[in-house]
């Protein structure tokens, strides 16, 4: 399996432009300032840390911050614009688009016309624009799992290099200060009027901050061949879901994420020298994290140092994990750790951690764990090591993968189970499942009902394995009905009227988190964003099962119209629906349908073209063309669409037209799988594209002699 | 307890816990025992602030455990 190294980094932080300013700032911290875009007279808390932007009032602020961070990272990696076409991009963001609240959070706003520039309104917008500008035609995604988003993006990007899809990935995170987020954290009493003091008696919450950071990840041999200097080894990653409460983290859940990262990196707990904490300086979060670190890393306590960058830079929301990763990589290069600022002698009743407080102290800076937790109980941890470390040699045996079943939960038709394994097998009674909280939103309830039915149908043994492996989801519109309510509360009654329940349920990963809690899914959860994100969740799961990381995974797409707060005239309707698929390693069953390949198409003008689409189909064909091609070409310009249909005219193909929403895209895959299982074509390629989104092509085949 | 604060506080507490429907609250009942978890409690505080036009500091909330103490805090802050 490919080794992944980091060859470039860049950021724009509350300390200014560039990694040097960020690293220097971590030694000192800074003073808070009033937020630029809104009045704080009504709030108890008055200060934030803005990033130093050249044009803070720009409509494209998230993109401009991200562009600056990416430029620096590529400069360090020695990559010129357009030079690495196979390089992909993974973006983490929770807030892009919400910096224009009157345009994105007001459901009463007028319809947009077809010629409107909508990328500026999308969470995926900065990633889409950067891929276009920089010629990044490799694998592309946007993830949004609250404050664990950016370690999740690092994990996804690492897998794309490991599975050989690309030798290079850039991973970015950008979040900007918006009033809905400020008011939300304010209502939850997580903000401090002082400074961020994690793990100390004086802690009183965090200072909300903003910024953008990028890392360049590269296959080690690729870096060597072009003479790039590795800054650190991206040794592995781990993830977990607390499967408990959406805003009270658990030490047990964090501990599982840390162990998973250690196992993936082939490291023992006692070998870890640095723990870069999430450290938000809230009592519940600090306590859970301290318990987890004490439990998992106790064997190394003599040599372990814990540090927490938020003590200097505040909380950059979804970008926090990537900022911490930048700090960890810089520390490895400089052989100097950033300190935890403001530590007093009397640590509170959390387990005592070996906090690093003396900047001049000579300590080892790797192996280093970087952890991030987010609302919903999402945990994702990465392990970084010195660049010259010998990574354990592991072999990746691609094994066949199948889709066992699907479930569709629909607001009108109820829950429908669609089995693709007709061989009988394990079909047992349903498991005992906790009821979903009645106050959950509709998409949460739909997702939970679909996942519950899928776990029931899977039987106890298989469902137990799936619960430990996880649930990957896609959504186009998240749970933005809550944002609309927060925005309305701010406008009509003032920011202090925002209901913390709305804020807690507003992060895009909350439906998967509530579902994980209801069904005790303790494995990793991830939320991909965008119209084709359901298909991305599917191929992500296929990759993880194929590579042997998990025996099986759940995949879901969900959406509902109440969460689409704006759209363009003529956009397709959004069904209120969750569609769930169970992906697993294929056994030796004759007649089973296998996923025999997949291709990702970047959302750029170069990669979403007729020749690129046809090449993807042909590559999947190999020696034996698929008997049918189902193509949703909504993501291609009209002339390109016509060219694809013309090229496909001599083979059986079906033009598809998915409704809006991440479930609708998966529904086409479910229909294709149904055809194959029912003895229709023996092989079928499904192509999913949409405007402003990466494309995904998947080939299915009914194997054996049935 | 003849003032209007306690009934008003009770009304808001009821709004945050379905299991209390139709039941009268006593001042010494602990909020945590009423089916109100940490997140719901924060939502209750926002409602209290809005109803009584207050701005309650985090430090003042740390000593509030019962419905009566919550009403007491409201009276104290309203008198300021």
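Any read-out appearing in this document is the output of simple, stated calculations on the displayed coordinates, not a laboratory observation. This is a predicted model, so every value here is computed, not measured. A quick note on method: Cβ atoms are made from the backbone with ideal geometry, for glycine too, and the neighbour counts reach across all protein chains shown.
Among the residues of B:38-48, the average count of other protein chain beta-carbon atoms within 10 Å of the residue beta-carbon is 5. Remark: mean inter-chain Cβ contacts per residue of A:186-192 equal 3, using a 10 Å Cβ-Cβ cutoff to other protein chain atoms.
Among B:60, B:33, the ranking by other beta carbons within 10 Å of each residue's beta carbon, starting with the fewest, stands as B:33, B:60. A crude spin-label estimate for the pair residue A:624 and residue A:109, with each label 7 Å from Cα along the Cβ direction, gives 5.0 nm.
Helix A:481-493 versus the longest principal axis of chain A: what angle, 0 to 90°, nearest 10, using Cα atoms? Helix A:481-493 and the main axis of chain A meet at about 40 degrees. In chain B, helices alone account for a calculated mean residue ellipticity at 222 nm of -16000 deg cm²/dmol, with every DSSP H run of four or more residues adding -39,500 (n - 2.57). For chain B, a Gaussian network of Cα nodes joined below 10 Å ranks B:54, B:39, B:12 by mean-square fluctuation, and the top entry is B:39. I'd like the orientation of helix A:320-334 relative to chain A: the angle between its Cα long axis and the longest Cα principal axis, in ° from 0 to 90, rounded to 10. With rounding to tens, the tilt is 60 degrees. Of B:35, B:68, B:22, the residue with the greatest mean-square motion in the GNM of chain B, using alpha carbon springs below 10 Å, is B:22.
Computing Rg and the Kirkwood Rh from the Cα coordinates of the protein assembly as shown gives a ratio, Rg/Rh, of 0.96.
Entry for region A:89-238 at q = 0.10, 0.18 Å⁻¹: log10 I(q)/I(0) = -0.48, -1.10, Debye formula applied to identical alpha-carbon scatterers, no solvent contribution. Once you have all Cα-Cα distances for region A:168-267, histogram them in 5 Å bins from zero and send the whole-percent values. Taking all Cα pairs of region A:168-267, the binned fractions are 2, 9, 11, 12, 17, 19, 13, 8, 5, 2, 0 percent. Pairs of C-alpha atoms in chain B farther apart than 15 Å represent 50 percent of all such pairs. A protection proxy built from the mean count of other Cβ atoms within 10 Å ranks the segments A:516-529, A:600-613, most packed first, as A:516-529, A:600-613. What the Cα atoms of region A:593-702 give is an Rg and a Dmax of 12.8, 38 Å.
Based on the mean of other beta carbon atoms within 10 Å per residue, what is the order of A:662-669, A:128-135, most packed first? Don't jump to the answer; show the numbers that get you there.
Values: A:662-669: 28.4, A:128-135: 20.9.
The most tightly packed comes first, giving A:662-669, A:128-135.
Tell me, what is the Rg over Rh of region A:65-145, with Rh the Kirkwood radius over Cα pairs? Display every interim value, and only then the final one.
On the way: Rg = 14.7 Å, Rh = 14.1 Å.
Here Rg/Rh amounts to 1.04.
If one puts a single equal scatterer on every Cα of region A:4-385 and applies the Debye formula without solvent, what log₁₀ I(q)/I(0) results at q = 0.06, 0.07 Å⁻¹? Once normalised to I(0) and log-transformed, intensities are -0.20, -0.27. Each semi-axis of the equivalent ellipsoid for region A:642-706 is √(5λ) with λ an eigenvalue of the Cα gyration tensor; in descending order they amount to 22, 17, 10 Å. Cα-based values for region A:469-523, radius of gyration first and Dmax second, are 13.7, 44 Å. The mean count of C-beta atoms from other chains within 10 Å of the C-beta of residues in A:38-50, rounded to a whole number, is 1. Quick check: the angle from helix A:510-519's long axis to the longest principal axis of chain A, C-alpha only, nearest 10 degrees? Value to nearest ten degrees: 80. Each peptide in A:648-660, A:356-368 gets a packing score, the mean of other Cβ atoms within 10 Å over its residues, and the list from highest to lowest is A:356-368, A:648-660.
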